[in-house]
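Report on one structure; see the data block that follows.
The values are calculated or read from the model by the stated rules, or taken from the named source; none is laboratory data. None of the values given here were measured: they were computed from a predicted structure. We place every Cβ from the backbone using ideal geometry, glycine too, and count neighbours over all the protein chains shown. Please note that ligands, DNA and RNA were not included when accessible areas were found on the heavy atoms of the full protein model with its side chains. Shrake-Rupley method; radii C 1.70, N 1.55, O 1.52, S 1.80 Å.
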Amino acid sequence: MKTEKWMPTATLAVLLVAATSCDDWGKQDPPAGNQVVPTLENVASFDFEPVEGAEGLSAFKLFTNTPGTLPPTIVEDEFKGNVLELNNGFMTISNPLAKVTLQKGASFTFWMMQPIVTEADEEGNEIAMPQNLDGSLLRFENETGNGSFSLNANGGFVYEAADGEWIENDPSQITTGYLKPGEWHYVAVVISNDGYEWYVDGDRKVSKIVDNFDCSKIVKFVNNVPTMSVGGADNSSRWLIDDLKVYRNIVTAKETARPNVNNGGGDEGPDLSTWVLLGAEDNSTGFWSTWSDYVNLTGDGTIHYDFYNYNTGKTDNWCNWALVLTTGAERGGDGYAEYLYLRADAFGWGSNYNGENIKHDFDWGTFMSEMDGAFVSLDITRVGTDVNVTALVTAESGVQRNYSIKVEGVESDVLGTFLTCEGSHLLINPETVFVGKTYKPGEMVTGLTDCSTPWWSAHSPNNKFEGNFKNWGVEFVNHTLGNGGNWNNWLLVCSNGPWVGEDGYAENFVLRSDAFGWGASFDGGNTTMEQTFDWDNYVADMKDAKVKILFNYNNGKLDMLCRQTTADGRQMPDYKFSAKELTSPIGLFFTCELAWLEFSKVGYYPWANAQ
């Protein structure tokens with residue numbers, strides 16, 4: 001039985017903040033027809049802070065799932081301050097997404113916590129009860145109540161409507177472990193036209209293209225139904241939520257990053273304590289007075305940067321970030337030359353600069369305000385003598401701007417890049433700075449895609465290293481049938497440099513994914529490894545797992561750090577391995593047995609672990 005109650009003003013003063021609206025349609029410069037530019041917009045925010053004289057409370061409606069239980073209410077939490085508590089109840093509001101047009105999807109961010117529930121057994125001992133994983137956290141419903149879409153604490157979705165049904169991460173079939181009970185977690189969820197993403201505490205748990213259901217039906221559904229609920233009639237457990245934000249379209253790294261929390265309530269933005277500061281924080285940075293470390297590319301490939309740009313107190317358009325492309329020589333040294341000095345305001349110079357190759361959709365009336373606190377995702381991709389620079393700029397308001405330039409005639413073998421700024425300062429994410437080769441799905445594959453690969457029949461390209469190196473790595477998906485042996489997965493081979501079958505080829509070691517190996521390094525007692533795998537579920541966990549491996553080599557010692565994420569988004573334990581008394585050069589490549597590997601990145605993470 002469901003009991004309905006209206007929210008009394010004295011009981012729950014919740015401030016519903018409607019996000020600032022922005023122009024739905026971007027403007028391409030130069031125009032190329034009528035173009036729809038998806039705009040990220042925060043359409044509603046709920047901070048659950050009692051505000052004197054708050055308006056709009058009639059929009060909230062409270063329900064209890066069982067007579068006699070309390071409706072949702074504001075409580076004081078030591079970590080988050082004022083938060084919304086739901087205990088066998090839920091709350092409905094008019095759907096904020098129905099007021100806008102969704103182009104690519106919808107996104108939600110919020111803090112949540114499920115307290116650990118205990119019950120006494122026959123002997124009086126407190127026993128922890130199972131976590132509620134199938135109750136709705138957020139729910140959308142049509143007018144007649146026969147169509148709904150909800151998301152739950154298992155990282156799952158349930159869509160039931162006239163045009164189809166879709167259930168993902170069903171708790172009765174699998175437990176993801178995304179949200180540990182008894183702890184506050186920052187959650188970001190994206191549902192897009194072709195799939196979904198879940199982030200927990202800033203870590204991407206899963207990013208999936210759904211091929212067995214048309215997710216654009218869900219995007220259309222949440223864009224048109226009249227009601228959104230916090231909690232649901234199917235959620236009978238106690239849980240807490242705070243700082244709920246609803247977005248049209250797809251959030252960026254800025255929104256998915258775990259915010260700092262000022263204990264007692266309120267977010268202070270993403271945790272930037274490990275990001276690299278460039279420039280003076282009071283924005284007094286003079287022209288050509290500060291530079292980031294070089295990130296260089298030899299041959300074809302991609303360099304990537306993520307950073308925040310701050311220009312508070314400045315009015316000149318050039319008081320922002322700038323990118324410099326060079327010959328790779330030391331700044332001011334022999335052979336140093338600048339192909340491009342590209343300012344944030346669609347202007348630049350340099351030997352290969354051509355302003356006619358710039359494209360952007362900036363609004364010069366709001367440019368400086370949008371750039372203050374903007375998150376910039378920057379890619380520099382070289383193919384032959386052409387270099388394409390693309391930047392996606394996301395303002396604090398959620399407005400997104402696109403900016404690009406093509407640079408032609410880059411002749412040097414090495415392309416040097418660095419960031420600088422004037423009258424501003426930057427915070428650069430060191431963990432995402434990448435240089436190397438990126439591959440589309442299916443473009444770089446090792447092994448037979450039906451998982452019939454015989455032993456030692458397929459090898460990835462050899463990567464030969466002379467001397468010390470740091471933070472070289474690969475990312476790939478480990479495809480298996482999920483029913484073989486522990487060894488039917490990826491294997492790493494470290495050689496003395498030559499390729500398989502070449503004269504002088506010898507193996508330092510062969511290392512399996514399941515913490516087993518052989519070769520001269522093992523024979524000499526020169527290896528160590530650490531892992532805490534769940535061997536009962538290891539084979540299943542490795543099926544389609546995402547693998548990221550970083551290597552450091554210093555004076556004969558090779559260190560490996562392997563981080564793997566299951567197909568359903570669970571983080572597996574770190575796998576660490578070291579081999580000492582190696583002799584340069586060394587070669588690194590991968591092979592597999594009854595599996596196949598699908599690579600997405602091969603290169604360096606030059607700023608990983610930088611402070």
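So which residues in the stretch 76-87 are modelled with pLDDT of 85 or more and surrounded by fewer than 22 Cβ atoms within 10 Å (Cβ to Cβ)? Correct list: E76, D77, G81, N82, E85, N87. Looking across S460, S513, one residue alone is closer than 26 Å to N296 by Cβ and among the hydroxyl-bearing types (S, T, Y). It is S460.
Note on the stretch 278-301: among residues that are open to solvent by 80 Å² or more (accessible area, probe 1.4 Å) and outside any loop (DSSP other than H, G, I, E, B), the one that is farthest from C319 (Cα to Cα) is T298. Of all positions in the stretch 503-515, at least one carries a residue that is of a type in the set (G, A, S), in contact with a Pro (Cβ under 6 Å, 6 or more places away or on another chain), at pLDDT 95 or above and part of a loop (DSSP other than H, G, I, E, B). The set of residues in the stretch 92-119 being surrounded by 20 or more Cβ atoms within 10 Å (Cβ to Cβ) and either over 30 Å from the mean Cα position of the chain (by Cα) or of a type in the set (S, T, N, Q) (or both) consists of T92, N95, S107, T109, Q114.
Condition test on N555, is it more than 19 Å from S457 (Cβ to Cβ) and buried (at least 16 other Cβ atoms within 10 Å of the Cβ)? Spelling it out, it is not the case that N555 is more than 19 Å from S457 (Cβ to Cβ) and buried (at least 16 other Cβ atoms within 10 Å of the Cβ). Tell me, yes or no, whether the stretch 120-137 has at least one residue that is at negative phi, open to solvent by 10 Å² or more (accessible area, probe 1.4 Å), part of a strand (DSSP E or B) and acidic (D, E). Yes, the stretch 120-137 contains a residue that is at negative phi, open to solvent by 10 Å² or more (accessible area, probe 1.4 Å), part of a strand (DSSP E or B) and acidic (D, E). In the stretch 411-464, how many are open to solvent by less than 20 Å² (accessible area, probe 1.4 Å), among the aliphatic types (A, V, I, L, M) and more than 22 Å from the chain's Cα centre (by Cα)? So the count comes out to 3.
Hey, any hits in the stretch 470-486 for a residue that's closer than 14 Å to I586 by Cβ, open to solvent by less than 20 Å² (accessible area, probe 1.4 Å) and either without any contact (Cβ under 8 Å) to a residue 40 or more places away in the chain or not in a loop (DSSP other than H, G, I, E, B) (or both)? Yes, some residue in the stretch 470-486 is closer than 14 Å to I586 by Cβ, open to solvent by less than 20 Å² (accessible area, probe 1.4 Å) and either without any contact (Cβ under 8 Å) to a residue 40 or more places away in the chain or not in a loop (DSSP other than H, G, I, E, B) (or both). In the stretch 339-365, the residues that are over 22 Å from V414 (Cβ atoms) form Cβ pairs under 7 Å with partners that are assigned to a loop (DSSP other than H, G, I, E, B) and among the basic types (K, R), at six or more places apart or across chains, as follows: D361/K27. Yes or no: K580 basic (K, R), open to solvent by less than 80 Å² (accessible area, probe 1.4 Å) and in contact (Cβ under 8 Å) with a residue 12 or more places away in the chain? For K580, the condition - basic (K, R), open to solvent by less than 80 Å² (accessible area, probe 1.4 Å) and in contact (Cβ under 8 Å) with a residue 12 or more places away in the chain - is not met.
Candidates in the stretch 138-177 are the residues that are of a type in the set (G, A, S) and outside any strand (DSSP E or B); of these, the one that is most open to solvent (accessible area, probe 1.4 Å) is A162. If you scan the stretch 436-468, which residues turn out to be outside any strand (DSSP E or B) and aliphatic (A, V, I, L, M)? Across the stretch 436-468, the qualifying residues are M444, L448, A458. Within the stretch 256-265, restricting attention to residues that are open to solvent by 30 Å² or more (accessible area, probe 1.4 Å) and part of a loop (DSSP other than H, G, I, E, B), the residue that is modelled with the highest pLDDT is R258.
For the subset of the stretch 528-552 comprising residues that are of a type in the set (V, I, T) and open to solvent by 60 Å² or more (accessible area, probe 1.4 Å), which member is farthest from G202 (Cα to Cα)? Once the filter is applied, the top-ranked residue is T528. Of all residues in the stretch 179-189, one or more are out of contact with any helix residue (DSSP H, G or I) (no Cβ under 8 Å at 6 or more places or on another chain), closer than 22 Å to D211 by Cα and in a strand (DSSP E or B).
Scanning the stretch 576-611 for residues that are aromatic (F, W, Y) and over 20 Å from G525 (Cβ atoms) yields F589, F590, W596, F599, Y604, Y605, W607.
Candidates in the stretch 214-241 are the residues that are open to solvent by 50 Å² or more (accessible area, probe 1.4 Å) and polar (S, T, N, Q); of these, the one that is modelled with the lowest pLDDT is S236. Whenever a residue of the stretch 172-187 is more than 15 Å from Q571 (Cβ to Cβ), its partners that are among the basic types (K, R), lying with C-beta atoms within less than 8 angstrom and at least six residues away or across chains, give the pairs W184/K80; Y186/R258. Among the residues of the stretch 242-255, write down those that are open to solvent by less than 10 Å² (accessible area, probe 1.4 Å) and either more than 14 Å from T101 (Cβ to Cβ) or among the small types (G, A, S) (or both). Scanning the stretch 242-255 gives D242, L244, V246.
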